[in-house]
Amino acid sequence: MISDPLLLTTALLTVTLGATLQSLSGIGIAVIAAPVLVLIDSAFLPAPILSLGCTLCVLNTFRYRQKLQFGNTRLALYGRLPGVLIGITLLTLLPQSLLMIGFALLIMLSVGLTYRHIKLHQSPRNLMVAGFFSGVMGTTTSVGGPPIALVYQNSEPQQARAELGLYFLIGTLMSLSVLAWSGHFTVEQVALTLQMIPGVVLGFLLSILLDSRFKGSYLKPLIVLLSLGSSMAILWRGFTQLYS
C-alpha cells in the first residue's frame, strides 16, 4: 500500500483524471494514470492497473448498455484468449526491466495513434487479430487498448464506448484470472488496487457531469504532454535497471 500522504494523493488525483477522460473519450487510465502509478510503485504493473480499468469498464458498460452488440465483442474475445496465454508466458520469462520498457513504449504508441487516422473495418478477421494482440499486450504490460481501439476508431462513439467497455471487462477478467492463477496478482497488489478504487468511481461520476461540455480536442495536448513525460521517465528507469 502507498503510505506516503503526498504520493497517495497524487495517485488518487491521477486515477480520477484518467477515469474521467477515459469515460469521456475512451483514453485515459492507460496513458495518463498508469505511467504515474508505475513511477510511484512498480507493483502496479500489470494486475492493479488492469483491475482499475476493469472496474471502470463495469461502470461504463452499464452506462452504455443499450448500445451493446455482443457479436463484435465475442469475436475480439476469441482472439484475446490465446493472446492472454502467450502474454502470461512472456510475463513469466521476461525481467521486470524489459516489461517496464515495453510498457513505456506502448504508452507512446497509444498516444501516437490518437493523431493517426488509420482505416480498419470491423471485419471478423480484424477483430480477432486485434483481440489477440490486445491480449498479449494487456496481460504483460496492462496496455492492451491500441490494437482493439484501431478497429473501433470509425464507429459511432457511444457504440464504441459500450462495446469496448464490455470487451475490456471480459478480456481483463481473463487476464486477471490467469495472473492470479500464476501467482502474478499478490496480496500487496490487491491492496494497491483497493486504495485507488475511489479515484475510479469519482472519475466516472465526474464524466457524467462533464459529458455535455466535453471537447476532446481541448485536452489532447495535455494528455500527450503528461503521458509522454511519465513514459520517458519509466523508459529511463527500465533501461537503468536493465543495465545496472
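The values are calculated or read from the model by the stated rules, or taken from the named source; none is laboratory data. Keep in mind it's a predicted model, so treat the numbers as computed, not measured. Please note: Cβ atoms are built from the backbone with ideal geometry, for glycine as well, and neighbour counts cover all protein chains shown. Heavy atoms of the whole protein, side chains included, go into the accessibility calculation; ligands, DNA and RNA do not. Shrake-Rupley method; radii C 1.70, N 1.55, O 1.52, S 1.80 Å.
For the listed peptides 9-17, 58-66, a ranking on the average number of other beta carbons within 10 Å per residue, highest first, reads 9-17, 58-66. Shape analysis of the range 34-73 yields a ratio of the Cα radius of gyration to the Kirkwood radius, Rg/Rh, of 1.18. Anisotropy class assigned to the range 1-112 is oblate, per the alpha carbon gyration tensor with a/c at or over the 1.5 cut-off and a/b no larger than b/c.
Of the accessible area of the chain, with the probe set at 1.4 angstrom, what percent is carbon plus sulfur? Write out the running numbers ahead of the final one.
Numbers: 8080 of 11480 Å².
C and S atoms contribute 70 percent here.
If the viscosity is 1.002 mPa s and the temperature 20 °C, what Stokes-Einstein diffusion coefficient in µm²/s follows for the chain when Rh is the Kirkwood radius over Cα pairs? The estimated diffusion coefficient comes to 121 µm²/s. Secondary-structure-derived ellipticity at 222 nm for the chain, considering helices only, amounts to -26500 deg cm²/dmol, per-run term -39500 (n - 2.57) for DSSP H runs with n ≥ 4.
Here the Gaussian network model covers the chain, with springs between Cα atoms less than 10 Å apart; of Gly18, Gly183, Gly144, Gly183 fluctuates the most.
Note on the range 140-244: Cα Rg divided by 2.2 N^0.38 Å, N the number of residues, gives 1.32.
Can you sort Trp236, Trp181 by solvent-accessible area, 1.4 Å probe, largest first? If you can, show how the numbers build up before the last one.
On the way: Trp236 190, Trp181 210 Å².
Output order, biggest surface exposure first: Trp181, Trp236.
What number does the range 66-175 give for Rg over Rh if you use C-alpha atoms and the Kirkwood radius? Each step should come with its number before you reach the end.
Numbers: Rg = 13.6 Å, Rh = 14.0 Å.
Rounded to two decimals, Rg over Rh is 0.97.
When peptides 136-143, 191-198 are ranked by their average number of other Cβ atoms within 10 Å per residue, the highest-first order is 136-143, 191-198.
Hydrophobic long helices, here whole DSSP H runs in the chain with Kyte-Doolittle means of at least -0.5 and Cα atoms spread over 15 Å or more along the helix axis, are found at 5-25, 47-63, 70-93, 96-113, 124-141, 157-181, 187-210, 216-242.
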